[in-house]
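Q: Starting off with a structure, shown below.
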Amino acid sequence: MVVESFIETIYDVLFKPMTALSKLAEERPLGQAVVVLLISLIIPALGAYFVFSSAGFEKLRNFILITQTIGYFLLWFLGAAILHLIAEIYGGKGTVIGLLVTTGFANLPHLLAVPFLVGTIFIQSSVMNGLVALVSLVIFCWTLTLNVIALKEVYKISWAKAVLVLITPSMVIIALLIVFVILSLAAVLPERLL
């Protein structure tokens, strides 16, 4: 019964995301979210591991496996904390646990990359590489959309605010980089050029 419910939840997240993520935001099954996140990270990481192994990049494969698994897990926690703060600043009312659960499930589309990654081992062509790039773009957009839905459902905010919450960290980083470049140029260039 529990397994059927879990599989049904996975299906609903992929194909009925509004309903599923709203339900997950209310129920907050953190254990299931951790399992889903681990599965959706480790399986593609293992696929990449075998791709790099077959291509002769032994050192890179270990680095990818470790950083993708551990790094993304840390990013999941840190990202949830930052997005939670931003969502509350924008007037959202929700919980960080609800956000962890929904964003954990929002990573499910990453599993769809595995067949294409493994396919590159057997079919080495520019067409296959192009297909992998296209599938990666679709998975990125799908995951991004699921994360926007997650923010909307957890914090009960509008679509526009959910998108704004998601892009605010990137905007802050870009602004800080611009300030850093300007200050660096000001320190390096002679006074007469300024």
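Q: Residues 53, 40, 5: which one is hydroxyl-bearing (Ser, Thr, Tyr) and under 19 Å from the mean Cα position of the chain (by Cα)?
A: Only one candidate qualifies: 40.
Q: I'd like to check something: does region 104-112 contain any residue that is under 17 Å from residue 16 (Cα atoms), of a type in the set (A, V, I, L, M, F, W, C) and touching a Lys or Arg at 6+ places or on another chain (Cβ under 9 Å)?
A: For region 104-112, residues under 17 Å from residue 16 (Cα atoms), of a type in the set (A, V, I, L, M, F, W, C) and touching a Lys or Arg at 6+ places or on another chain (Cβ under 9 Å): absent.
Residue-by-condition table, conditions (1) modelled with pLDDT of 80 or more; (2) small (Gly, Ala, Ser); (3) closer than 24 Å to residue 79 by Cα; (4) surrounded by fewer than 20 Cβ atoms within 10 Å (Cβ to Cβ):
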| position | (1), (2), (3), (4) |
| --- | --- |
| 4 | no, no, no, yes |
| 7 | yes, no, no, yes |
| 20 | yes, yes, yes, no |
| 23 | yes, no, yes, yes |
| 28 | yes, no, yes, yes |
| 32 | yes, no, yes, yes |
| 56 | no, yes, no, yes |
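Q: Listed residues 51, 118; which is surrounded by 15 or more Cβ atoms within 10 Å (Cβ to Cβ) and in contact with a Leu (Cβ under 9 Å, 6 or more places away or on another chain)?
A: Being surrounded by 15 or more Cβ atoms within 10 Å (Cβ to Cβ) and in contact with a Leu (Cβ under 9 Å, 6 or more places away or on another chain) holds for just one of 51, 118, which is 51.
Q: Please go through region 26-55 and pick out each residue that is in contact with a Ser or Thr (Cβ under 8 Å, 6 or more places away or on another chain), in contact (Cβ under 8 Å) with a residue 40 or more places away in the chain and farther than 25 Å from residue 4 by Cβ.
A: Across region 26-55, the qualifying residue is only 51.
Q: Suppose the filter is without any contact (Cβ under 8 Å) to a residue 12 or more places away in the chain, under 19 Å from residue 153 (Cα atoms) and either part of a helix (DSSP H, G or I) or of a type in the set (Lys, Arg) (or both); does residue 67 pass it?
A: no
Q: Still on this structure, please answer the following. Being more than 19 Å from residue 141 (Cα to Cα) and of a type outside the set (D, E, K, R) narrows it down to one residue among 72, 49; which is it?
A: So the residue among 72, 49 that is more than 19 Å from residue 141 (Cα to Cα) and of a type outside the set (D, E, K, R) is 49.
The values are calculated or read from the model by the stated rules, or taken from the named source; none is laboratory data. Small disclaimer: the values here were computed from a predicted structure and weren't measured. Neighbour counts are summed over all protein chains in view; Cβ atoms, including those assigned to glycine, are modelled from backbone coordinates with ideal geometry.
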